[in-house]
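Structure first, commentary second.
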Amino acid sequence: VQLVVSGGGWVEAAGALLLPCAASARTFSTFAIAWFCQAPGEEREFVAALRWNGDSRYYADSVKGRFTITRANDKNTMYLQMNSLSPKDTAVYYCAADSFGWGSRRRDEYEFWGQGTQVTVSS
């Protein structure tokens, strides 16, 4: 399964970005999906996840109320809508997928990863 993320870039504080991640798998609807981010010198950390059947969403405390994870199974695409961005959100963002996953916060639970996209938020 290949994941291709796009939509990163530069934005001013309080702005918004939408990150799409397209999957090559025809069985995309059976995958749990997630987003992680990695700032310079930091570990890759959990941002958001969506269970494979779509009935549960999980968010890091730092993004609750600002970020939303969604999916469009008919397009084999997942999204991260990021609102009210702050400079602390500056990082490389990665999409990930796990077959029949429940939406774990752990990196090692995900089999497939996108290449990452840089998000830079200026103050």
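The values are calculated or read from the model by the stated rules, or taken from the named source; none is laboratory data. Computed from a predicted model, the values in this text were never measured in an experiment. Don't worry about glycine lacking a Cβ; one is built from the backbone with ideal geometry, like all the others, and counts go over all protein chains shown. What goes into the accessible areas is simple: the full protein's heavy atoms, side chains included, and nothing from ligands, DNA or RNA. Shrake-Rupley method; radii C 1.70, N 1.55, O 1.52, S 1.80 Å.
From the set of residues in segment 6-20 that are open to solvent by less than 50 Å² (accessible area, probe 1.4 Å) and modelled with pLDDT under 95, which is nearest to Tyr93 (Cα to Cα)? Walk me through how you get there before you give the answer.
Of all residues in segment 6-20, those open to solvent by less than 50 Å² (accessible area, probe 1.4 Å) come to 7-9, 11, 13, 15, 17, 19-20.
Adding the requirement that they be modelled with pLDDT under 95 leaves 7-8.
Values: Gly7: 10, Gly8: 8 Å.
Within segment 6-20, the match that is nearest to Tyr93 (Cα to Cα) is Gly8.
So, of the residues in segment 68-98 that are touching a Ser or Thr at 6+ places or on another chain (Cβ under 6 Å) and among the polar types (S, T, N, Q), which turns out to be nearest to Ser29 (Cα to Cα)?
By that ranking, first place goes to Asn73.
Among the residues of segment 21-48, count how many are touching a helix residue (DSSP H, G or I) at 6+ places or on another chain (Cβ under 9 Å) and more than 13 Å from Ala91 (Cα to Cα).
Of the residues in segment 21-48, 5 are touching a helix residue (DSSP H, G or I) at 6+ places or on another chain (Cβ under 9 Å) and more than 13 Å from Ala91 (Cα to Cα).
Go through segment 65-94 and count every residue that is surrounded by fewer than 15 Cβ atoms within 10 Å (Cβ to Cβ) and closer than 13 Å to Gly54 by Cα.
Total satisfying the criteria: 2.
Here is a check on your reading of the model: is Ser84 touching a residue at least 12 places away in the same chain (Cβ under 8 Å), small (Gly, Ala, Ser) and either within 21 Å of Gly9 (Cβ to Cβ) or outside any loop (DSSP other than H, G, I, E, B) (or both)? Give the derivation first.
Values: touching a residue at least 12 places away in the same chain (Cβ under 8 Å): yes; small (Gly, Ala, Ser): yes; either within 21 Å of Gly9 (Cβ to Cβ) or outside any loop (DSSP other than H, G, I, E, B) (or both): yes.
Here the answer is yes, as Ser84 does meet what is asked.
Regarding segment 96-114, can at least one residue be identified that is part of a loop (DSSP other than H, G, I, E, B), touching a helix residue (DSSP H, G or I) at 6+ places or on another chain (Cβ under 7 Å) and open to solvent by less than 30 Å² (accessible area, probe 1.4 Å)? Steps first, please.
In the first step, residues of segment 96-114 are kept if they are part of a loop (DSSP other than H, G, I, E, B); the result is 100-106, 110-111, 114.
So of that shortlist, the ones also touching a helix residue (DSSP H, G or I) at 6+ places or on another chain (Cβ under 7 Å) come out as 100-101.
Subset that is open to solvent by less than 30 Å² (accessible area, probe 1.4 Å): 101.
Yes, some residue in segment 96-114 is part of a loop (DSSP other than H, G, I, E, B), touching a helix residue (DSSP H, G or I) at 6+ places or on another chain (Cβ under 7 Å) and open to solvent by less than 30 Å² (accessible area, probe 1.4 Å).
Val5: without any contact (Cβ under 8 Å) to a residue 60 or more places away in the chain and either of a type in the set (Val, Ile, Thr) or under 16 Å from Thr77 (Cα atoms) (or both), yes or no?
On the way: without any contact (Cβ under 8 Å) to a residue 60 or more places away in the chain: no; either of a type in the set (Val, Ile, Thr) or under 16 Å from Thr77 (Cα atoms) (or both): yes.
So Val5 fails the test.
Restricting to segment 21-46, give me the number of residues that are surrounded by 19 or more Cβ atoms within 10 Å (Cβ to Cβ) and either closer than 17 Å to Thr77 by Cβ or of a type in the set (Lys, Arg) (or both).
So the answer is 8.
With Arg26, Arg51 as the choices, which residue is over 15 Å from Val1 (Cβ atoms) and touching a residue at least 40 places away in the same chain (Cβ under 8 Å)? It would help to see each step written out before you state the result.
Values: Arg26 fails: over 15 Å from Val1 (Cβ atoms).
The conditions single out Arg51.
Regarding segment 52-68, can at least one residue be identified that is at pLDDT below 95 and in contact with a Phe, Trp or Tyr (Cβ under 8 Å, 6 or more places away or on another chain)?
Scanning segment 52-68 turns up at least one residue that is at pLDDT below 95 and in contact with a Phe, Trp or Tyr (Cβ under 8 Å, 6 or more places away or on another chain).
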